[in-house]
Structure formats: structure tokens, C-alpha cells
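These notes are about the structure you will find just below.
The values are calculated or read from the model by the stated rules, or taken from the named source; none is laboratory data. Just so it is clear, the structure is predicted and the values come from calculations on it, not from any experiment. Every residue, glycine among them, receives a Cβ derived from its backbone with ideal geometry; neighbour counts consider all protein chains shown. Ligands, DNA and RNA are excluded from the accessible area calculation, which covers all protein heavy atoms including side chains. Shrake-Rupley method; radii C 1.70, N 1.55, O 1.52, S 1.80 Å.
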Amino acid sequence: MTRYLLTRLWQSAVTLVIASIVVFWGVRQLPGDPALALAGEEATPERVAAIRADLGLDDSLLVQYGRFVGNFVRGDFGESIRTGTPVTELIGATLPVTLWLALYAIVVAVVVGVALGVVAERYRGRWPEWMANAAALVGLSVPNFWLGILAILWLAAGLGLFPASGYVPVAENPASAFYHLTLPALILGTSLAAVIMRQTRASMIETMKTDYVRTARAKGLGRGRVLMRYGLRNSMIVVVTIVGLQLGGLISGAVVTERIFALPGFGKLTLDSVFTRDYPVIQAVVLIITVGYIVINLAVDVLYSVINPRIRVGGAS
């Protein structure tokens, strides 16, 4: 186990280095000049040149990359070109919003998706399975922005069940915070719940055909008990894999949801930074998301062995 973890950590470090190069190079391929965007269209060439020199944009890419890596190792992401605010402050103010939204959406997606998957398998060929499949089809085929608009019109403006916008920090008032995040989390987790439902159902169907399940049934265990003890437990590996792979997607997908519900999160910060060519903010945001992906994938690999002890993470059986 220790050797496996060390190998995965080493692979993760290499991945992070490659990702940092791609992020640094990719940001500089964006059209437009951040110095010109900061100085304004009416600025003189001398003024633009002075800003470029002040920001270090005249240095070679190698020097800029070395400075970027050095600052990253020290936890210093620099200052926003647009506002002059330290990037760490911007991230510290917006990242918790997106993380709480993403985590809440995952909880909603797992609970709804697994429940619908169990119902669909338990009542195969009957109307509950048809309803579960229809709900999954809607979740996969209807875009989040359209569901969000409908939810605001119906659940917020029409019935008044949830607020249409606004954010309350969790540390300030947890109940009010989750109340404000409920509708955005439902919308953000819809497509993930649909994927989890379909994968849970498919995994449970395969499990219920195995010999050890037939043996359990022959010994007198009821179908419902076998379904929950063997079918659901084996499907959890699929659920953990999906959640691990989709968490990064939820954070990036939160851009649209945060726009619809006017949440001051990571997505809004990213969009504003891209439009203003704010290199330090874009680099920090993308790199943090990349680190999140790496950490989550590592955690998923470790969870495999916890959920199913037959899986030997060391490669030996």
C-alpha cells in the first residue's frame, strides 16, 4: 500500500509539472494584450510599454515561467492585473462559494441518483423504472441553464419556495446558506444524478446475475435484502469513480450556474479574468482546479480498496 501511494504521489507530481507548463503556455495564447486592456484603448504606446515592463511581460517566457513556479511554491500567486488585489485574497473569497455549491450538488446527485437507480432495478419493467428512466433522460438532455431559468420562474418566483439569487456564507448562518444554495445545487447536480442513476442501475443488474447472488437467494435471503447488501455495495465503486471524475467538471460547470443565480463564486472570477486577460488570476484558478483533480483521483484510488477489499491497489492479488 505504501509503495503504491508513493508511486501515485510521484506520478501526481509529474502531472502537476506538466499541467503548470500547459497552463502557463495556454494563458499566453489568449488573444489580446493584458497591458493594453489595463491601460485602455486610448493609452499611448509609451504607457502600454511601461505597464508591460512593470508586469514583467517583456521578460522571456522561461524567466516568466520560473517566476510563476517560484511564486506558486511559496503560495504567492501575485496580484490581479485588473484590480491590484492579491490573487490569494480573490481566491479565498470566491473558492468557498464554489466548493460548497459543488459539494452540495454532489450530495444531492448521489442521494437522488442512487435512490432512482435502486428503484429502477427493483421494479424493472414496471412504471417506477419508466419514471426513473424518464427523469434521467431529462437530466441528461436538458441544459442546466434552461433548467435553472425554469426553476427560478416556477420554484422561486412562482411558488416562493427558494430564493432566486443571493449568497450567505456558511460560517455566518449555515441554515440560511444551505437554503440559498439548495436551488443552485439541485440544478448543478441534475446531470450528475442522471449519470449515477443509469450507472447504478446497470451495475446492480449485472451484480444480480452473478452466482454468489443466486447462492444467497437459494439460502433464503429476500430479493430486497440481497439487492441492498450485494447489488448496492458493488455499485458504489462505480458511483465513487463517477463522483471523483465529475467533481472537477462540477466546479467548471458551476460557471453557468453561478451566473444564473448571481453567486459570487469561482466561475464568475474566472470569466471576469479571461475577459480582462488577467494572467495571474487565470493561472492560479486553472492550477488550483488541476491540483483538485489530482488529489481527488488519488483519493478515489484509495477508496477503491476500502469499498471492495478484493481490489489490491498494489497490483498483486
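Of note:
- Solvent-accessible area per residue for the stretch 135-266 (1.4 angstrom probe, square angstrom): 48 Å²
- Estimated 222 nm signal from helices in the chain, with DSSP H stretches of n ≥ 4 weighted -39500 (n - 2.57), rounded to 500: -24000 deg cm²/dmol
- FRET efficiency estimate (nearest 0.05) - Cβ-Cβ, E89 to W130, R0 45 angstrom: 0.30
- Backbone N within the stretch 83-114 under 16 Å of label point (7 Å from A43 Cα along the Cβ vector): 83-85
- Efficiency of FRET from Cβ geometry, F275 and I296, R₀ 25 Å, rounded to 0.05: 0.30
- Among 220-232, 149-161, the order from most to least packed when residues are scored by Cβ within 10 Å on average: 220-232, 149-161
- Cβ-defined net charge surrounding D278, 9 Å radius [Lys, Arg +1; Asp, Glu -1]: +1
- Residues listed by number, the stretch 117-140, amide nitrogen under 18 Å from K219 label point at 7 Å toward C-beta: none
- Inter-part distance where the stretch 251-266 and the stretch 166-235 are each reduced to a Cα centre, Å: 25 Å
- The accessible surface of the chain, taken with every protein chain in place and a 1.4 Å probe, is 66 percent carbon and sulfur.
- Put simply, the amide H of E79, placed in the peptide plane, has neighbours under 5 Å in V87, leaving out anything fewer than 5 places away on its chain.
- For the stretch 173-210, trypsin sites (Lys or Arg not before Pro) are listed when DSSP marks them as loop and at most 16 other Cβ atoms sit within 10 Å of their Cβ; the list is K209.
- R0 of 51 Å, Cβ-Cβ distance L159-M228: FRET efficiency to nearest 0.05: 0.90
- The packing ranking, built from the mean of other Cβ atoms within 10 Å per residue, places the peptides 255-264, 179-188 in the order 179-188, 255-264, highest first.
- Of the GluC sites (Glu not before Pro) found in the stretch 10-104, those that fall in a DSSP loop while having at most 10 other beta-carbon atoms within 10 Å are E41, E42.
- Taking 0.36 nm per residue of sequence separation and removing the Cα-Cα distance, the E206/S60 pair yields an extension gain of 46.9 nm.
- Nitroxide proxy distance, nm - points 7 Å out along Cα→Cβ at V138 and R3: 5.3 nm
- With coordinates expressed along the principal axes, the C-alpha atoms belonging to the chain extend over 85, 58, 35 Å, beginning with the largest.
- Helices meeting the span-like rule in the chain (full DSSP H runs, Cα extent of at least 27 Å along the helix axis, mean Kyte-Doolittle score of 0.5 or higher): 2-27, 87-122, 232-260, 279-307.
- The order of the peptides 164-171, 233-240 by mean Cβ neighbours within 10 Å, most packed first, is 233-240, 164-171.
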